[in-house]
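Step one of this worksheet: look at the structure below.
The values are calculated or read from the model by the stated rules, or taken from the named source; none is laboratory data. What you are looking at is a predicted structure, and each value in this text was computed from that prediction instead of being measured. Here the Cβ is made from the backbone with ideal geometry for all residues, glycine too, and neighbour counts use every protein chain on show. SASA here: full protein model, heavy atoms, side chains in, ligands and nucleic acids out. Shrake-Rupley method; radii C 1.70, N 1.55, O 1.52, S 1.80 Å.
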Amino acid sequence: MLQSSRLSLQTVLETANSEISRGDAREFGEGVLAVVAVLAENVALRKILADSSESAEKKQQLLRTLFSTRTTDAVLRLAEKAVGLRWARTQDLVTSIEVAGVTAIAAHAQAEGRLGQVEEEVFRFARLLESDHDLARALDSDAGAETKRELIANLLDGKAHRATITLIEQAAVHPRGLRVAIALDQYSDVLAARQQRSVAEVTVAAPLSESQTERLQAALAKAYGRELVLNVQIDPTVIGGARVQVGDEVMNATVADRLAEVHRRLTR
């Protein structure tokens, strides 16, 4: 996002957190994601709502006309705040409202003491999609919403937290041009941010023991000054050591990387 959209996103999240603190976070979050669903399916509507040349009052009135009987006052207040802000791109408006909805879902899971579980379940489902191409094709397809919901229910009912299922359904039914796995990875970042944490993507040659995981987590927490969620992936091609990515920052300490560096030096 450009600076103007980032500042607007911050305002949207402040509004969302205020609403979360005053009411039912799950109801609020699901209501916000329902608004995102409508915007995702209506190009003309989202263009109007993100158009900075239109007055905030006109756009807010349009929202009230469309949603006042379909959602709660809290959800409507958030949407009205969002359309009154400046957005560099139309998609930034919808993305920001979606982030607010996912944040509320995360807050509900956090209040139940289940946010860590939801983070893990969302991450694992995204990885499943990367390995199970038939499932990925089914959820990334143009199949109807009920077909996708039924598939997700068959896979996860009784096996995952309701918040996890809500987020996976949102990503599958209203993908906004993204593959489901990519949308879920973005949701994972929001879930982690709810606890003021970051996700560290760790790639190693073989599974880590519990003590190795604890030492790595402690070392990264010290390096970054905050707790990190470790998403560990196995890749035998790294040979040894670990590759760690936090946001855009990558730390390489693998045999494969060192060999590649030697090769680069020798071939200059």
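Which of the helices (runs of 4 or more DSSP H) found entirely inside region 1-110 contain at least 3 residues meeting this: in contact with a Lys or Arg (Cβ under 7 Å, 6 or more places away or on another chain) and outside the structural domain of Glu121 (by the TED database)? Break it down into steps so the answer makes sense when it comes.
Working: elements: 3-22, 25-41, 43-50, 56-67, 73-83.
Counting at least 3 such residues, we get no helices (runs of 4 or more DSSP H) at all.
Filter region 15-69 for residues that are exposed (fewer than 13 other Cβ atoms within 10 Å of the Cβ) and among the hydroxyl-bearing types (Ser, Thr, Tyr) and give the result.
Ser21, Ser52, Ser53, Ser55, Thr65, Ser68, Thr69 - these are the residues of region 15-69 that are exposed (fewer than 13 other Cβ atoms within 10 Å of the Cβ) and among the hydroxyl-bearing types (Ser, Thr, Tyr).
With the condition kept exactly as written, say whether any residue in region 117-127 is without any contact (Cβ under 8 Å) to a residue 24 or more places away in the chain and open to solvent by 10 Å² or more (accessible area, probe 1.4 Å). Walk me through how you get there before you give the answer.
Step one: filter region 117-127 for residues without any contact (Cβ under 8 Å) to a residue 24 or more places away in the chain, giving 120, 124.
Checking the rest, the ones that are also open to solvent by 10 Å² or more (accessible area, probe 1.4 Å) come to 120, 124.
Yes, because at least one residue in region 117-127 is without any contact (Cβ under 8 Å) to a residue 24 or more places away in the chain and open to solvent by 10 Å² or more (accessible area, probe 1.4 Å).
Run down Ala206, Ala200, Ala172 and say which single residue is under 30 Å from Leu39 (Cβ atoms) and either open to solvent by less than 30 Å² (accessible area, probe 1.4 Å) or in a loop (DSSP other than H, G, I, E, B) (or both). Before you say what the answer is, go through the steps one by one.
Details: Ala206 fails: under 30 Å from Leu39 (Cβ atoms); Ala200 fails: under 30 Å from Leu39 (Cβ atoms).
Step by step, each of Ala206, Ala200, Ala172 is checked, and only Ala172 is under 30 Å from Leu39 (Cβ atoms) and either open to solvent by less than 30 Å² (accessible area, probe 1.4 Å) or in a loop (DSSP other than H, G, I, E, B) (or both).
Mind checking which pairs have a first residue in region 39-52 that is over 15 Å from Pro175 (Cα atoms) and a second that is open to solvent by 70 Å² or more (accessible area, probe 1.4 Å), Cβ under 7 Å, 6 or more apart or different chains?
Ser52/Arg86
Can you pull out the residues in region 16-34 that are more than 21 Å from Arg176 (Cα to Cα) and not hydrophobic (A, V, I, L, M, F, W, C)?
The answer is Asn17, Ser18, Glu19, Ser21, Arg22, Gly23, Asp24, Arg26, Glu27.
Report, by residue number, each residue of region 214-226 that is closer than 29 Å to Thr95 by Cα and exposed (fewer than 14 other Cβ atoms within 10 Å of the Cβ).
Answer for region 214-226, where residues must be closer than 29 Å to Thr95 by Cα and exposed (fewer than 14 other Cβ atoms within 10 Å of the Cβ): Gly225, Arg226.
Among (1) open to solvent by 40 Å² or more (accessible area, probe 1.4 Å); (2) in contact with a strand residue (DSSP E or B) (Cβ under 6 Å, 6 or more places away or on another chain), where does Ser211 come up short?
(2)
Can you say whether Val229 is open to solvent by less than 60 Å² (accessible area, probe 1.4 Å), at pLDDT 85 or above and at negative phi, as far as the supplied structure shows? Show your work before the answer.
On the way: open to solvent by less than 60 Å² (accessible area, probe 1.4 Å): yes; at pLDDT 85 or above: no; at negative phi: yes.
Spelling it out, it is not the case that Val229 is open to solvent by less than 60 Å² (accessible area, probe 1.4 Å), at pLDDT 85 or above and at negative phi.
For region 161-219, give me the residue count where each residue is under 17 Å from Ala126 (Cα atoms) and under 11 Å from the mean Cα position of the chain (by Cα). Spell out the reasoning first.
Narrowing region 161-219 to residues under 17 Å from Ala126 (Cα atoms): 161-192, 199-203.
Now drop any that are not under 11 Å from the mean Cα position of the chain (by Cα), which leaves 167-168, 170-171, 180-192.
Adding up the residues that qualify gives 17.
Let's see how each residue does on (1) open to solvent by 30 Å² or more (accessible area, probe 1.4 Å); (2) not in a helix (DSSP H, G or I):
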residue: Leu135; (1), (2): no, no
residue: Glu146; (1), (2): yes, no
residue: Lys159; (1), (2): yes, yes
residue: Ala192; (1), (2): no, no
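Looking only at region 152-182, which residues are in contact with a helix residue (DSSP H, G or I) (Cβ under 6 Å, 6 or more places away or on another chain) and aliphatic (A, V, I, L, M)?
Passing the criteria: Ile152, Leu156, Ala160, Ala163, Ile165, Leu167, Ile168, Ala171, Ala172, Val173, Val180, Ala181.
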